[in-house]
1. When Rg is the radius of gyration of the Cα atoms in the chain and Rh is its Kirkwood radius, what does Rg/Rh come to?
2. How much of the accessible area of the chain, in percent, comes from carbon and sulfur atoms when a 1.4 Å probe is used?
3. How large is ³J(HN,Hα) for each residue in the stretch 99-116, as worked out from phi by the Karplus curve 6.51 cos²θ - 1.76 cosθ + 1.60 (θ = phi - 60°), to whole Hz, x for Gly and Pro?
4. Quick one: which residues, 5 or more positions from Ala71 or on another chain, have an amide H under 5 Å from its amide H? H modelled 1.01 Å from N in the peptide plane, none for Pro or chain starts.
5. Using amide H atoms built 1.01 Å from N in the peptide plane, name the residues 5+ places from Val46, or on other chains, whose amide H lies under 5 Å from its own.
6. Can you work out the FRET efficiency for the pair Lys42 and Glu10, with r the C-beta to C-beta distance and R0 = 25 Å, to the nearest 0.05?
7. Going by average Cβ neighbours within 10 Å, how do the peptides 20-33, 90-103 rank, with the highest at the top?
8. Can you run the Rg to Rh ratio on the stretch 1-49? Use alpha carbon positions and the Kirkwood inverse-distance Rh.
Amino acid sequence: MPDQPAPEIELLRAAYAAFNARDIDAALALMTPDVAWPKAFKGGFVRGPEAIRAYWTEQWSEIDPHVEPVAFHPEGAGLVLVEVHQVVRDLAGAVLADEHVGHRFTIEQGLIQAMEVCLISSSGLGA
């Protein structure tokens, strides 16, 4: 019988599934009240669930991102680096970006406290 994934991995899988389903409420329910989130397509950060709601609503009115976790790399002390395959389309369906990037999450008391985007090597983390 395979080992159960760590609670942090389950939390992050649920967050990606909610994001890809455009279920903002489900995603925000997995975050702390003071969560810090990168404005990946605009620059800077937003803080708190309502600021994330506004950012995502604006983002999804301009582009159609789909972010699929490929590998999870726990780094200890509540940090998890996730390798993701990110495909960004314009609203007409044309691919604007198709790349692998890293998302480093800070998990606090079972909730997402922060996320940052980071580069990963071209060979991928799992290579």
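1. Reported Rg/Rh (Cα atoms, Kirkwood Rh): 0.95.
2. Carbon and sulfur atoms account for 55 percent of the accessible area of the chain.
3. 8, 9, 9, x, 10, 9, 9, 9, 10, 9, 6, x, 10, 6, 9, 7, 9, 9
4. Those lying under 5 Å, H to H, from Ala71 are Glu83.
5. When sequence neighbours closer than 5 places are left aside, the close amide H contacts are Trp37, Lys39.
6. 0.25
7. The peptides rank, most packed first, as 20-33, 90-103.
8. Rounded to two decimals, Rg/Rh equals 1.07.
The values are calculated or read from the model by the stated rules, or taken from the named source; none is laboratory data. Every value quoted in this text rests on a predicted model; they were computed, and no experiment measured them. Virtual Cβ from ideal backbone geometry, glycine too; neighbours counted across all protein chains shown. Surface areas here come from the heavy atoms of the whole protein model, side chains and all, with no ligands, DNA or RNA. Shrake-Rupley method; radii C 1.70, N 1.55, O 1.52, S 1.80 Å.
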